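One structure below.
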């Protein structure tokens, strides 16, 4: 791990808080509310820990934003970037050119991927990757002489990035209200058993949820639908883990109706679910797969779309020029870092380690929290999971004013130097895949303290 130098003396007199409030627009933030308090300024990181400018050591239970798979402070990734910057800091992949890192990464990713995903297109963010996959899907059908097949079906609580196309495909209604609602997008229910399962078993509900897609196809007409897009596990939607029956039925429905299937693996890819890809965990057979985050462990922006032979053959042989791409598609430094990152994941066995560590983490959480009245469910796969906070764990009844209790718990976590995220009243986590047994115990202890404090807050309101 890297050693981090102290801040330059000249920075000590600078008012970072005032400058942030005056000039910095944060993503996904209510800025007026944000700057009524103080932002937490992160100055360094190592392993699974962050350090802020007050020298608090914070356990990062979210791996940044689901992305820092190999942990912070890895010399190998810094060195890979430096070497590539010294040799070739940038060149594009337009103009009939390529660079060795992008070719090597395309070769490696397609060899790792399930099925016939034998082609790779690169961008810089998960949002750009989703935008690309949607453009490819529509271009495929235009080229096939079926331009009416334009509709993209996503899911409620789905998250597919923040470009306008990605946000329209996702099911976050607040984003739709702020300009991201577009024609030719539709949504179906998510496989969220805890929220929507009623008296059905998990397997019954998995089939029921999948068949809502079939109903939507009948409503719109298969001849008007280009693709269905879904995350193997809906991360930002609250770590919604589908029942085992869900994805096989989605595969069948897409196949029977001649609709492309896009697996959004931006969060799930590169070991998060205990397999290299979430599609392997859940038996998904995608035509296109979007990747980002764990591809470089967040050290530098990079994303990819893996394209199956069915779509690639048409794009390559029949479409002609595909009018899409980015200045940084296949950035050589980002690709070099990705290759070094994949070396670490494979060399250190982090995929298998995530599977084993996830089991330990859930066992510890169950032991610590099952008797807490507000804990309705603890769920997870690999090193991604959620704790449902609920008003009545017997009936799975949610709190009124959903999101308020989750926010209380999130704030207790932050005050206890633990980063966990609240989605509505669901606490979600995805620590680095390198987390140790002792660090898991520490995460559980801090989470337990925060949830007990939240329970006391709820109880005091009731009384």
Tell me, which helices (runs of 4 or more DSSP H) lie completely within region 21-112 with 3 or more residues that are touching a residue at least 12 places away in the same chain (Cβ under 8 Å) and within 27 Å of the chain's Cα centre (by Cα)?
63-66, 75-87, 100-112
Could you please give the count of residues in region 123-149 that are in contact with a helix residue (DSSP H, G or I) (Cβ under 6 Å, 6 or more places away or on another chain) and outside any helix (DSSP H, G or I)?
3
If the Cβ limit is 8 Å and pairs must be 6+ apart or interchain, which residue in region 168-184 that is under 16 Å from residue 27 (Cα atoms) pairs with which residue that is at pLDDT 95 or above and surrounded by fewer than 19 Cβ atoms within 10 Å (Cβ to Cβ)?
175/162; 179/164; 180/164
So which residues in region 139-155 are surrounded by fewer than 19 Cβ atoms within 10 Å (Cβ to Cβ) and touching a strand residue (DSSP E or B) at 6+ places or on another chain (Cβ under 8 Å), if there are any at all?
150
Name the residue that is surrounded by the fewest Cβ atoms within 10 Å (Cβ to Cβ), counting only residues in region 279-299 that are closer than 22 Å to residue 337 by Cβ and in contact with a strand residue (DSSP E or B) (Cβ under 7 Å, 6 or more places away or on another chain).
291
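Count, please, the residues in region 196-207 that happen to be buried (at least 18 other Cβ atoms within 10 Å of the Cβ) and over 17 Å from residue 282 (Cβ atoms).
Residues meeting the conditions: 1.
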Scanning region 113-122 for residues that are assigned to a strand (DSSP E or B) and crowded, with 19+ Cβ neighbours inside 10 Å, which turns out farthest from the chain's Cα centre (by Cα)?
119
Region 262-274: number of residues that are within 18 Å of residue 240 (Cβ to Cβ) and either in contact (Cβ under 8 Å) with a residue 40 or more places away in the chain or surrounded by fewer than 24 Cβ atoms within 10 Å (Cβ to Cβ) (or both)
8
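For every residue, the table says whether it meets (1) touching a strand residue (DSSP E or B) at 6+ places or on another chain (Cβ under 7 Å); (2) within 22 Å of residue 275 (Cβ to Cβ); (3) at pLDDT 95 or above; (4) surrounded by fewer than 21 Cβ atoms within 10 Å (Cβ to Cβ).
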| site | (1), (2), (3), (4) |
| --- | --- |
| 367 | no, no, yes, yes |
| 371 | no, no, yes, yes |
| 382 | no, yes, yes, no |
| 396 | yes, no, yes, yes |
| 416 | no, no, yes, yes |
| 421 | yes, no, yes, no |
Taking residue 239, is it within 30 Å of residue 147 (Cβ to Cβ) and buried (at least 24 other Cβ atoms within 10 Å of the Cβ)?
no
Being assigned to a loop (DSSP other than H, G, I, E, B), touching a strand residue (DSSP E or B) at 6+ places or on another chain (Cβ under 6 Å) and either in contact (Cβ under 8 Å) with a residue 60 or more places away in the chain or surrounded by fewer than 24 Cβ atoms within 10 Å (Cβ to Cβ) (or both): is that true of residue 330 here?
yes
State the number of residues belonging to region 300-323 that are in contact with a helix residue (DSSP H, G or I) (Cβ under 8 Å, 6 or more places away or on another chain) and surrounded by 14 or more Cβ atoms within 10 Å (Cβ to Cβ).
13
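The values are calculated or read from the model by the stated rules, or taken from the named source; none is laboratory data. In this text, all values refer to a predicted model and were calculated from it rather than measured experimentally. Positions of Cβ are generated from backbone atoms using ideal geometry, with glycine treated the same way; all protein chains shown enter the neighbour counts.
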